[in-house]
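Asker: Here it is: the structure, laid out below.
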């Protein structure tokens, strides 16, 4: 049995670190390709590009088109090649980050990840999720190593939309639920080896941190202030969830998320919002008892995350549509086979309805909880 643990070479998090980053970045040469979407560029990218120029960097700025698709990766790869850049910087959300990793891999260059949201666990991992040009999950792309540097400016994260912070909490909440199932199945992690004790421990610490600090951090995020609670949640969403999902493994919740992406109605929901429903669906598939289910369900509900099909805009979904999402979740390219029991597309479709039914029953008998829903 071989165990493996993967992590970025360095992870740096703090208030204002983007604008004190020359000492970290100069090791990778002074000819970066800066990949950033339009909105991110306006909010922080322009100021960051100016900081780099003031410190003697020759920056090639490329606007990210919004989808981490093979076409986008190839387009930017060609620019990087033509400009003979020394490093790729990915500044933005999960899809920008995943695209930057793929470009760096194509060009055999170092990559520095600069997340502007703590909305998902993409920054630290040695894989990208590749989507089709129209936004459906296509495949995972794996690399030989994790990013060279992950640089997280907590002030930038605090300034971002609180919905994205909550989405990151939802994504991170799946980490331990999925890793525990992988351990029970003695299945492989995302590194295609067995869990280390460290990989498992990080998942547990991630979950503990989320339950202790999320509500404080959300309040701080709404006020755009950087506090210890917010720093803890940024670390849980980015570093702990990133290391935990990769070295602990994915199983049900993310496969179910990938299934949901095939239904167009869900496209305007964030990754984390769909993962939240995926976590509840996995717990249903596991046959979790009431205490275990409620622990996660009440937490997800308290953050205003999806707990009914209506929350996913699927209140009118037919059995055929839910079965289609179930089939995609059970694809052999995905991770549902890392659960400790066999799952069929129909099982997933039934569990989608079971989550919805339980929530409705719960809200019906807890009138005072109605205000918790957004």
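Asker: Once the Cα atoms of helix 271-286 and of the chain are each reduced to a long axis, what angle between those two axes, in degrees from 0 to 90 to the nearest 10, is obtained?
Answerer: It is inclined by approximately 40 degrees.
Asker: Take every Cα-Cα pair in region 241-349 and report what % of them are more than 17 Å apart.
Answerer: Here the long-distance tail beyond 17 Å is 52 percent of all Cα pairs in region 241-349.
Asker: Where Rh is the Kirkwood radius over the Cα pairs of region 144-198, the temperature 25 °C and the viscosity 0.890 mPa s, what D in µm²/s does Stokes-Einstein return?
Answerer: 176 µm²/s
Asker: Given 0.36 nm per residue, what is the gain on full extension from residue 332 to residue 354 after removing their alpha carbon distance, in nm?
Answerer: The span from residue 332 to residue 354 would gain 5.5 nm if fully extended.
Asker: If you average the alpha carbon positions of region 276-316 and of region 116-135, how far apart do those two centres end up, in angstrom?
Answerer: So the separation of the two Cα centres works out to 23 Å.
Asker: If I histogram all Cα-Cα distances within region 83-229 using bins 10 Å wide from 0, what percent of pairs lands in each bin?
Answerer: All Cα pairs considered, the percentages come to 11, 34, 37, 17, 1.
Asker: Sorted by packing (mean other beta-carbon atoms within 10 Å per residue), highest first, where do 342-349, 133-140 land?
Answerer: 342-349, 133-140
Asker: Bin width 10 Å, origin at 0, all Cα-Cα pairs of region 97-151: what percent of pairs per bin?
Answerer: It works out to 24, 55, 21, 0, in whole percents.
Asker: Round to the nearest 0.05 the FRET efficiency obtained for residue 302 and residue 224 when R0 = 25 Å and r is the Cβ-Cβ distance.
Answerer: So, using R0 = 25 Å, E works out to roughly 0.70.
Asker: Where the centroid of each part is defined by its Cα atoms, how far is region 207-259 from region 63-99 in Å?
Answerer: Here the two parts' Cα centres lie 26 Å apart.
Asker: Same structure, new question: To the nearest whole percent, what portion of all C-alpha pairs in region 11-127 is separated by more than 26 angstrom?
Answerer: 9 percent
Asker: Run through the DSSP bridge list for the chain and note the antiparallel percent, rounded to the nearest 5.
Answerer: 20 percent
Asker: Rounded to the nearest 500, what is the chain's calculated 222 nm mean residue ellipticity when only DSSP H runs of at least 4 contribute -39500 (n - 2.57) each, over all residues?
Answerer: After summing the helix terms and dividing by the residues of the chain, the value is -15500 deg cm²/dmol.
Asker: State the three equivalent ellipsoid semi-axes of region 294-334, derived from the C-alpha gyration tensor as the square roots of 5 times its eigenvalues, in descending order and whole Å.
Answerer: The three semi-axes for region 294-334 are 24, 15, 7 Å.
Asker: Shifting gears a bit: Run through all the Cα pairs of region 191-252 and give the fraction in each 5 Å bin from 0, expressed as whole percent.
Answerer: So the P(r) values, bin by bin, are 4, 21, 25, 19, 13, 9, 6, 2, 0.
Asker: Among the DSSP beta bridges whose two residues both lie in region 79-237, what percent are antiparallel, rounded to the nearest 5?
Answerer: 40 percent
Asker: Write down the radius of gyration of region 60-142 and its Dmax, each obtained from C-alpha positions, in Å.
Answerer: Computed over the Cα atoms of region 60-142, radius of gyration and Dmax are 11.6, 32 Å.
Asker: Under the definition of Cα pairs under 8 Å and six or more residues apart, what whole-number percent is the relative contact order of the chain?
Answerer: 16 percent
Asker: Moving on. Run the quick spin-label model on residue 265 and residue 215: label points 7 Å from Cα toward the beta carbon, then report their separation in nm to one decimal.
Answerer: My value for the distance between the label points is 3.1 nm.
Asker: Please list 225-238, 281-294, 302-315 highest first by mean number of surrounding beta-carbon atoms within 10 Å per residue.
Answerer: Answer by packing, highest mean first, reads 225-238, 302-315, 281-294.
Asker: Now a separate question. In the calculated pair distance distribution of region 240-285, what percentage of Cα-Cα distances lie above 16 Å?
Answerer: 40 percent
Throughout, read-outs are computed from the coordinates displayed, never taken from laboratory work. In this text, all values refer to a predicted model and were calculated from it rather than measured experimentally. Using ideal geometry, Cβ is built from the backbone for each residue, glycine included, and neighbour counts are taken over all protein chains shown.
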